Structure formats: C-alpha cells, structure tokens
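**Q** Okay, here's the structure, questions in a sec.
A short reminder: the numbers here are calculations on the coordinates, not readings from a lab. A quick note: this is a predicted structure, and the numbers were derived from the prediction, not measured. Here Cβ is always computed from backbone atoms with ideal geometry, including for glycine, and neighbour counts include all displayed protein chains.
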Amino acid sequence: MEAKTAHRKLTPRMATALVIGNMIGSGVFLLPASLAAYGGISIVAWLFTAAGAFLLALVFARLGRVHPKTGGPYAFTRHAFGDFVGFQTAWAYWIAAWVGNAAIAVAFVGYSGHFFDVFSRSSSGAKLAQAALAAGAIWLLTWVNVRGVRQAG
C-alpha cells in the first residue's frame, strides 16, 4: 500500500505575510527609539539593513534552487560542511529563535504598557501580569504555528 503524502502549497500571499511578520517582529517598534539619538543618519542604517536582508533572501533563494531539500540553513550547511557544522548551525538557529521570541514578547509587554497601565507598573502584581501576558503571547503564536504553515500564513 502506498503512503499518501500531503502536498501543501504556500501561496505567495501567505509567504509574504510570513516574511512581513518575521521582519516586523519587535525590531520595527524598538529600533527607531534606539536609533533616534543618532538623528537622520539612522535612515542610512535602515537602508543598509534592508539591503542586507534582501541579499540574504537572494542567497537563500539560490541555495534553495541548488539544493532543494527541507531543513533550510541546517540542510545547506550540512551538505557543504558535514554533520558537525550542520548540527552547530541548527543549534545556533534554535537558540536564536528562543532569544528572538523572548525579545518580541518583552517588546509586546512594553508596548502594552502604553495602552494598559498595569503593564507599565513595577509592583510585584504588575510583574506577574507582565509575565503572564508575555507567556500568553508566546503560547498564542505557538498555537497558531502548530496549526500549520497555511494557517500561520
């Protein structure tokens, strides 16, 4: 009996939504405040970063065409440099995802403080509410991702 394989298609609109969501993250909201002290030159930093992101996207698109296997950076690195370096790449990517998710959760709570006073206080009860909001946001997005790529898109 042949195993049925489900071929799920991610439309360009869904892929665009995923990329925009990843790019926006907390950086779009936190970076302007950090760069404001530098004035107009901060626009050059934004353009430089955008160019780097575009070039990185071109590199991954090329690698995806040349080596069309699932696994992204892990698969590419493993193919080029072997199992050990592939493992290190996967491990670093995993840790970076943890740090990125934590940063997004902290930024979300920080911005929620502008709308709801409880999230801007420093009492122990407010800190518990802040932690609950951050954990809830992470779990909500985890649930969306667990439902599938199409739903997340």
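**Q** Run the quick spin-label model on Phe60 and Ala45: label points 7 Å from Cα toward the beta carbon, then report their separation in nm to one decimal.
**A** Distance between the two pseudo-spin positions: 2.3 nm.
**Q** Here is a further query. Placing +1 at every Lys and Arg Cβ and -1 at every Asp and Glu Cβ, with all other atoms neutral, what dipole size does the stretch 34-128 have around its Cα centre, in debye to the nearest 20?
**A** The dipole magnitude comes to about 200 debye.
**Q** Give the peptides 34-45, 92-103 in descending order of average Cβ contacts within 10 Å, highest first.
**A** 92-103, 34-45
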